[in-house]
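Asks: The structure's right below; bear with me while I get my questions together.
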Amino acid sequence: MPRLSYRRALTRALADELARDERVFLLGEDVRVGASHVTAGLFARFGADRVRDTPLSEQAFTSFATGAALAGMRPVVEFQIPSLLFLVFEQIVNHAHKFSLMTGGQCAAPVTYLVPGSGSRTGWAGQHSDHPYALFAHVGIVTAVPATPTDAYGLLVSAIRHDDPVVVFAPAGALDVREDVDFAELGPVPLGQGLVRRRGDDVTVVAVGHLVHDALAVAEELAGQVSVEVFDPRTLYPFDLDGLCASVARTGRLVVVDDSNRSCGVAAEIIASVVERLPLAAPPRRVTRPDGAVLPFAPGLDRAVQPGRAALTAAIHLVTKDGT
């Protein structure tokens, strides 16, 4: 079977949707030359009307995308740097997101916001290494964080076809992941549907985005000591709480590993939602960036701030020890 990288899965999803639906078009900074390596080759294939370079004015072209969506188009906006989402929070949250809600569904703004390379890229420092997906989940915007090439393809396709705004975070830590894929079987992945990546009996680990691969590696390392179940939510809003609770109901223990800041983060929300529904055999644990973390430039410090396998292993041991 051919091997597909996460990055090329995003490219393939964009190409397939551009070919399938003439209302779809792509815009962003340097998308014609493929500066992010995700849009490479799309300009040559689809031309200037479908692949549009924009000025360095994120607020302007994000508003332009909203207007195009209201007029019946399906724009995909690429942001090369996750921190740019802070600049356009107003345009996404207060405009595109609310048009449908405030008009009783009479207006639709089907915009997809794609962030290839969110999180740390090793030494990209404080203003380029954010993972602000919790902000969008908080306000109720569909928020996807795929972990694998298959899901990167399928969730991006579903996002483009969705009738409301969707933000797709493609973690930097996952961009070079590859897997064997039957291209004929690639297709949309439902938004709001999680997946158990590995079955286990002793503890459920919820891992967000690229951390799914770390969780699977830790589960394999601990296989002789602890039976770890790995749950990949795939979308953070809507969140597949029923799917997660089915897992935790069997294992009785919960650890969440999430590459964003601790306070008011996705990990805290997941834990609170589970403990409202289920009794646990031990106190749940979070493995995250520290409170208010801003990633440093120095690679060693960059890695020290991020959640890793050692911290996840320690959390699993604490949960299983507390529950005995």
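Asks: Tell me whether the stretch 208-222 contains one or more residues that are without any contact (Cβ under 8 Å) to a residue 12 or more places away in the chain, more than 30 Å from A293 (Cα to Cα) and open to solvent by 10 Å² or more (accessible area, probe 1.4 Å).
Replies: Filtering the stretch 208-222 down to residues without any contact (Cβ under 8 Å) to a residue 12 or more places away in the chain leaves 220.
Now restrict to residues that are more than 30 Å from A293 (Cα to Cα): none.
The answer is no, given that none of the residues of the stretch 208-222 is without any contact (Cβ under 8 Å) to a residue 12 or more places away in the chain, more than 30 Å from A293 (Cα to Cα) and open to solvent by 10 Å² or more (accessible area, probe 1.4 Å).
Asks: Against the definition (open to solvent by 70 Å² or more (accessible area, probe 1.4 Å) and under 30 Å from G173 (Cβ atoms)), how does L18 come out, yes or no? It would help to see each step written out before you state the result.
Replies: On the way: open to solvent by 70 Å² or more (accessible area, probe 1.4 Å): no; under 30 Å from G173 (Cβ atoms): yes.
So L18 fails the test.
Asks: Taking the residues in the stretch 143-183 that are at pLDDT 95 or above and aromatic (F, W, Y) as candidates, determine which candidate is farthest from L18 (Cα to Cα).
Replies: F169
Asks: Quick one: which of S36, S57 is under 20 Å from the mean Cα position of the chain (by Cα) and at pLDDT below 95?
Replies: On the way: S57 fails: under 20 Å from the mean Cα position of the chain (by Cα).
The unique qualifying residue is S36.
Asks: Any idea how many residues of the stretch 282-310 are among the small types (G, A, S) and open to solvent by 50 Å² or more (accessible area, probe 1.4 Å)? Give the steps one after another, and end with the answer.
Replies: Step one: filter the stretch 282-310 for residues among the small types (G, A, S), giving 282, 292-293, 298, 300, 304, 308, 310.
Applying the additional criterion that residues be open to solvent by 50 Å² or more (accessible area, probe 1.4 Å) yields 292, 300, 304, 310.
Residues that pass the stated criteria total 4.
Asks: When the residues of the stretch 234-259 are narrowed to those that are farther than 19 Å from I316 by Cα and in contact (Cβ under 8 Å) with a residue 40 or more places away in the chain, which ends up most open to solvent (accessible area, probe 1.4 Å)?
Replies: Looking at residues that are farther than 19 Å from I316 by Cα and in contact (Cβ under 8 Å) with a residue 40 or more places away in the chain, I get Y237.
Asks: Further question: Within the stretch 133-176, how many residues are open to solvent by 10 Å² or more (accessible area, probe 1.4 Å), in contact with a helix residue (DSSP H, G or I) (Cβ under 8 Å, 6 or more places away or on another chain) and at negative phi?
Replies: Matching residues across the stretch 133-176 total 14.
Asks: How many residues does the stretch 30-54 contain that are open to solvent by 20 Å² or more (accessible area, probe 1.4 Å), touching a residue at least 24 places away in the same chain (Cβ under 8 Å), in contact with a helix residue (DSSP H, G or I) (Cβ under 8 Å, 6 or more places away or on another chain) and in a loop (DSSP other than H, G, I, E, B)?
Replies: 5
Asks: One residue is enough: does the stretch 264-287 have a residue meeting the conditions among the hydroxyl-bearing types (S, T, Y), touching a helix residue (DSSP H, G or I) at 6+ places or on another chain (Cβ under 8 Å), more than 19 Å from P132 (Cα to Cα) and in contact (Cβ under 8 Å) with a residue 40 or more places away in the chain?
Replies: No - not one qualifying residue is present in the stretch 264-287.
Asks: Restricted to the stretch 88-110, and to residues that are of a type in the set (A, V, I, L, M) and either in contact with a Ser or Thr (Cβ under 7 Å, 6 or more places away or on another chain) or free of Cβ contacts under 8 Å to residues at least 40 places away in the same chain (or both), which residue is surrounded by the most Cβ atoms within 10 Å (Cβ to Cβ)?
Replies: Looking only at the stretch 88-110, we keep the residues that are of a type in the set (A, V, I, L, M), and these are 88, 92-93, 96, 101-102, 108-109.
Going one step further and asking which of them are either in contact with a Ser or Thr (Cβ under 7 Å, 6 or more places away or on another chain) or free of Cβ contacts under 8 Å to residues at least 40 places away in the same chain (or both), we end up with 88, 92, 96, 101-102, 108-109.
Working: V88: 22, I92: 25, A96: 27, L101: 11, M102: 10, A108: 18, A109: 22.
The selected residue is A96.
Asks: Which count do you get for residues in the stretch 277-309 that are of a type outside the set (A, V, I, L, M) and not in a loop (DSSP other than H, G, I, E, B)? Reasoning before the result, please.
Replies: Residues of the stretch 277-309 of a type outside the set (A, V, I, L, M): 277, 279, 283-286, 288-292, 296-297, 299-300, 302-303, 306-309.
Applying the additional criterion that residues be not in a loop (DSSP other than H, G, I, E, B) yields 285-286, 288-289, 299-300, 302-303, 309.
Of the residues in the stretch 277-309, 9 are of a type outside the set (A, V, I, L, M) and not in a loop (DSSP other than H, G, I, E, B).
Asks: Is one or more of the residues making up the stretch 162-179 touching a residue at least 12 places away in the same chain (Cβ under 8 Å), among the small types (G, A, S) and touching a strand residue (DSSP E or B) at 6+ places or on another chain (Cβ under 6 Å)? Explain how you work it out, then say what you get.
Replies: Taking the stretch 162-179 and keeping what is touching a residue at least 12 places away in the same chain (Cβ under 8 Å), we get 162-179.
Next, from what is left, pick out any that are among the small types (G, A, S): 170, 172-174.
If we keep only those that are touching a strand residue (DSSP E or B) at 6+ places or on another chain (Cβ under 6 Å) too, we end up with 170, 172.
Taking every residue of the stretch 162-179 in turn, at least one turns out to be touching a residue at least 12 places away in the same chain (Cβ under 8 Å), among the small types (G, A, S) and touching a strand residue (DSSP E or B) at 6+ places or on another chain (Cβ under 6 Å).
Asks: Oh, and also: When you scan the stretch 111-127, how many residues do you find that are in contact with a Gly (Cβ under 9 Å, 6 or more places away or on another chain), crowded, with 20+ Cβ neighbours inside 10 Å and outside any strand (DSSP E or B)? Don't jump to the end; show me each part of the working.
Replies: Taking the stretch 111-127 first, the residues in contact with a Gly (Cβ under 9 Å, 6 or more places away or on another chain) are 114, 118-121, 124.
Right, trim to crowded, with 20+ Cβ neighbours inside 10 Å and you get 114, 118-120.
Then keep just the ones that are outside any strand (DSSP E or B); that gives 119-120.
Counting residues in the stretch 111-127 that are in contact with a Gly (Cβ under 9 Å, 6 or more places away or on another chain), crowded, with 20+ Cβ neighbours inside 10 Å and outside any strand (DSSP E or B) gives 2.
Asks: I'd like to verify a number: residues in the stretch 1-15 that are aliphatic (A, V, I, L, M), surrounded by fewer than 19 Cβ atoms within 10 Å (Cβ to Cβ) and touching a residue at least 40 places away in the same chain (Cβ under 8 Å), how many?
Replies: Taking the stretch 1-15 first, the residues aliphatic (A, V, I, L, M) are 1, 4, 9-10, 13-15.
If we keep only those that are surrounded by fewer than 19 Cβ atoms within 10 Å (Cβ to Cβ) too, we end up with 1, 15.
Still in the list and also touching a residue at least 40 places away in the same chain (Cβ under 8 Å): 1.
Selection size over the stretch 1-15: 1.
Asks: Would you be able to say whether some residue in the stretch 72-94 is outside any helix (DSSP H, G or I), farther than 19 Å from F25 by Cα, of a type in the set (F, W, Y) and under 20 Å from the mean Cα position of the chain (by Cα)?
Replies: No, the conditions are met nowhere in the stretch 72-94.
The values are calculated or read from the model by the stated rules, or taken from the named source; none is laboratory data. Because the structure is predicted, anything quoted here is derived from the model rather than measured. Because the Cβ atoms are built from the backbone with ideal geometry, glycine has one as well, and the counts that use them run over all protein chains shown. The area values use the complete protein model at the heavy-atom level, side chains included, leaving out ligands, DNA and RNA. Shrake-Rupley method; radii C 1.70, N 1.55, O 1.52, S 1.80 Å.
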